[in-house]
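K.L.:
Handing you this structure, nothing more for now.
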Amino acid sequence: MAAALSPPQYFLPSAGRPPVPWRVWVRMFHNYLSASDQAGLPENRKKAILIHLLGSEGQSLLFSLRGESAGNFSYREIIETFDKNFGDSKNHLSERMGFSRRFQEPSESVSDFYVALSSLATTCEFGDFFESSMRDQFVRGLADSRIRERLLQEDFGLDGCLQKARRMEDGLRVADSMNNSSLGKSRFASASTVVTVDDNCHHDQDGMTPRANGGPRETKEPSDSHQPMTESYLEGLFQYKNLGVDELGSLDLYRGVLGEFVACFFFLCSVLVANSSANGNLSNIAFTFGINIAILVQIFGGISGAHINSAVSVGMLVAGRCSLARCCFYVIAQVVGSILGVGFVWAVMPDRDNSGGLGVVSPAVGAGWGLLLECLFTGLLLLQVLVCTDPRRPPGPQTNIALSVGLTVLLAHFILVPLTGCGINPSRATGSAVVAGELEHLWMYWIGPLIASLAVPPLYELVLAGKK
């Protein structure tokens, strides 16, 4: 069997570029010697075989480089001579440039792309950095941005990236097939959405504010008209991809949850301490709330999306911009952060009364009117958020989302403080009511805003969004 084994092709049979890179060819040669039981031959025999397989042009090059007869240099010196001249950094640079330009083709599977990339990497001489270089280019070159973004959320190794990408490719293929067959009319499967990414930021699907990434402008082809939300809207809401099951293992989710907790904690602390010196002045109270929200949205926008309001989180869920899992975690974090924020102020300043001093809201009008007013102004706030963060908005002057939301909160407090105390934020109202032990009217500050959260996104889609 060994005698029938064919040797590798000539390395340099004629002038020009070798058919196979030297590093690959010399490995093939050593494998040939081992497989044909010739690795143990005397050195002069192996040298003769090597010189023969260099080819006519390779032999001429060898003698011109060494300037000696074949009998005066060893087998190892021949290898080193060709290592020096065909394995230099210039060739490596050329191979690495080709490697860095390799991206997944539209019809190429993840596995095929990985094999092709591995083949290119063998000639790049990455050494100890082979695995990290392969992983980085593999993730960078993936055609599906959903898979690429998921891999960037955690520090996977090369094998982990490959396995995760294969599973996601299979899952997305099935999901896309289901969308095309049974949910083709859903807004989540609609191709009419136009996504515009600013040169310096992109809208976070889970949040209110853009996250900086310095990426290029990216658009999807718009259709002739904006497809309004139909009865399949709520059906599409509970597709697998919007339940957020895959987010449960993502650090990004828990980073956002922590951001919401900290934001609500500081929000309640700052407004209660500031209002302690407001002496009931309406302007001071309104500006305190509005400025606080604007600052916190600016700070936490890139961390959690800066909802800072359970009604906003539920509204984003209904609008399809936040997964069910993320919404649930956010609401819990907001309520707990608000309660602890009020509790901290009460512990530091225990002499303040348990009602106004802790920001407890109660209606000065009837419960029915209070419920309606809370619903209307929460709806106004949520509408502002939906408009500012709508990814289908045509390119234009960049909106300062933090300022827009802060001004909306300021306006709501100017109008509602004398009437309902201005809740428009169930988690904020819960924090004050729980610590003060005044739960009588708390239901109104949950039901009113939640009605707005359920009603405003469909209203925005059906009536106000219009043609994009």
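The values are calculated or read from the model by the stated rules, or taken from the named source; none is laboratory data. As the structure is a computational prediction, the values presented were derived from the model and not from experiment. So basically every Cβ, Gly included, is an ideal-geometry build from the backbone, and we count neighbours across all protein chains shown.
K.L.:
With the condition kept exactly as written, say whether any residue in the stretch 135-145 is in the same structural domain as Asp170 (by TED's automatic domain parsing) and under 30 Å from Tyr10 (Cα atoms).
P.N.:
No.
To keep it simple, each residue is scored yes or no on (1) charged (D, E, K, R); (2) within 22 Å of the chain's Cα centre (by Cα).
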residue	(1), (2)
Arg96	yes, no
Phe130	no, no
Ser133	no, yes
Arg148	yes, yes
Gln153	no, yes
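K.L.:
Could you identify the single residue in Ser119, Ser111, Ser64, Ser60 that is at pLDDT 85 or above, hydroxyl-bearing (Ser, Thr, Tyr) and loosely packed, with under 15 Cβ neighbours inside 10 Å? Explain how you work it out, then say what you get.
P.N.:
Working: Ser119 fails: at pLDDT 85 or above; Ser64 fails: at pLDDT 85 or above; Ser60 fails: at pLDDT 85 or above.
Only one candidate qualifies: Ser111.
K.L.:
Taking into account only those residues within the stretch 397-433 that are hydroxyl-bearing (Ser, Thr, Tyr) and surrounded by fewer than 24 Cβ atoms within 10 Å (Cβ to Cβ), which is nearest to Ala286 (Cα to Cα)? Don't jump to the end; show me each part of the working.
P.N.:
Residues of the stretch 397-433 that are hydroxyl-bearing (Ser, Thr, Tyr), as a first pass: 399, 404, 408, 420, 427, 430, 432.
This time we only want the ones that are surrounded by fewer than 24 Cβ atoms within 10 Å (Cβ to Cβ), so: 399, 404, 408, 430.
On the way: Thr399: 22, Ser404: 15, Thr408: 10, Thr430: 19 Å.
It comes out as Thr408.
K.L.:
Continuing with the same structure: When you go through (1) modelled with pLDDT under 85; (2) surrounded by 14 or more Cβ atoms within 10 Å (Cβ to Cβ); (3) part of a loop (DSSP other than H, G, I, E, B) one by one for Val26, which number turns out not to apply?
P.N.:
(3) is the only condition that Val26 fails.
K.L.:
Would you say Ile424 is closer than 24 Å to Asn275 by Cβ, modelled with pLDDT of 90 or more and not in a helix (DSSP H, G or I)? Show your work before the answer.
P.N.:
Values: closer than 24 Å to Asn275 by Cβ: yes; modelled with pLDDT of 90 or more: yes; not in a helix (DSSP H, G or I): yes.
Considered against the rule, which asks whether it is closer than 24 Å to Asn275 by Cβ, modelled with pLDDT of 90 or more and not in a helix (DSSP H, G or I), Ile424 comes out as yes.
K.L.:
Filter the stretch 138-163 for residues that are buried (at least 17 other Cβ atoms within 10 Å of the Cβ) and part of a helix (DSSP H, G or I) and give the result.
P.N.:
Restricting attention to the stretch 138-163, the residues satisfying the condition of being buried (at least 17 other Cβ atoms within 10 Å of the Cβ) are 138-139, 141-142, 147-148, 150-151, 156, 158, 161-162.
Hits for the stretch 138-163 are Phe138, Val139, Gly141, Ile147, Arg148, Arg150, Leu151, Leu158, Cys161, Leu162.
K.L.:
Here is a follow-up. Determine, yes or no, whether Arg321 is in a loop (DSSP other than H, G, I, E, B) and charged (D, E, K, R). Give the steps one after another, and end with the answer.
P.N.:
Numbers: in a loop (DSSP other than H, G, I, E, B): yes; charged (D, E, K, R): yes.
Here the answer is yes, as Arg321 does meet what is asked.
K.L.:
Within the stretch 241-271, track down each residue that is acidic (Asp, Glu) and surrounded by fewer than 19 Cβ atoms within 10 Å (Cβ to Cβ). Before the answer, list the steps.
P.N.:
Of the residues in the stretch 241-271, the ones acidic (Asp, Glu) are 246-247, 252, 260.
Residues satisfying the conditions are Asp246, Asp252.
K.L.:
So, one more: Whether any residue in the stretch 265-279 is assigned to a helix (DSSP H, G or I) and under 23 Å from the mean Cα position of the chain (by Cα) is what I want to check.
P.N.:
Narrowing the stretch 265-279 to residues assigned to a helix (DSSP H, G or I): 265-275.
If we keep only those that are under 23 Å from the mean Cα position of the chain (by Cα) as well, we get none.
No, the stretch 265-279 contains no residue that is assigned to a helix (DSSP H, G or I) and under 23 Å from the mean Cα position of the chain (by Cα).
K.L.:
Any chance you could count how many residues in the stretch 434-458 are buried (at least 23 other Cβ atoms within 10 Å of the Cβ) and at pLDDT below 90?
P.N.:
1
K.L.:
Right, next: When you scan the stretch 383-391, do you find a residue that is outside any helix (DSSP H, G or I), of a type outside the set (Phe, Trp, Tyr), in the same structural domain as Gly301 (by TED's automatic domain parsing) and in contact with a strand residue (DSSP E or B) (Cβ under 9 Å, 6 or more places away or on another chain), even just one?
P.N.:
Going through the stretch 383-391, the residues outside any helix (DSSP H, G or I) turn out to be 390-391.
Narrowing further to those that are of a type outside the set (Phe, Trp, Tyr): 390-391.
Imposing the further condition that a residue be in the same structural domain as Gly301 (by TED's automatic domain parsing) reduces the set to 390-391.
This time we only want the ones that are in contact with a strand residue (DSSP E or B) (Cβ under 9 Å, 6 or more places away or on another chain), so: 390-391.
Scanning the stretch 383-391 turns up at least one residue that is outside any helix (DSSP H, G or I), of a type outside the set (Phe, Trp, Tyr), in the same structural domain as Gly301 (by TED's automatic domain parsing) and in contact with a strand residue (DSSP E or B) (Cβ under 9 Å, 6 or more places away or on another chain).
K.L.:
Moving on to the next point. Does Val342 satisfy being in a helix (DSSP H, G or I) and more than 22 Å from the chain's Cα centre (by Cα)?
P.N.:
When the stated conditions are applied, Val342 passes them.
K.L.:
So, one more: If a residue must be farther than 16 Å from Pro391 by Cβ, among the hydrophobic types (A, V, I, L, M, F, W, C) and out of contact with any Pro (no Cβ under 8 Å at 6 or more places or on another chain), how many such residues does the stretch 310-330 contain?
P.N.:
Of the residues in the stretch 310-330, 8 are farther than 16 Å from Pro391 by Cβ, among the hydrophobic types (A, V, I, L, M, F, W, C) and out of contact with any Pro (no Cβ under 8 Å at 6 or more places or on another chain).
K.L.:
Return the residue satisfying two criteria in turn: it lies in the stretch 6-23 and is closer than 20 Å to Ala39 by Cβ and modelled with pLDDT of 80 or more, and of such residues it is surrounded by the most Cβ atoms within 10 Å (Cβ to Cβ).
P.N.:
Looking only at the stretch 6-23, we keep the residues that are closer than 20 Å to Ala39 by Cβ, and these are 6-9, 11, 22-23.
From what is left, the residues that are modelled with pLDDT of 80 or more are 6-9, 11, 22.
Values: Ser6: 7, Pro7: 14, Pro8: 16, Gln9: 13, Phe11: 24, Trp22: 20.
Selected residue: Phe11.
K.L.:
Could you check how many residues of the stretch 7-32 are touching a helix residue (DSSP H, G or I) at 6+ places or on another chain (Cβ under 7 Å) and farther than 19 Å from Thr81 by Cα?
P.N.:
Matching residues across the stretch 7-32 total 2.
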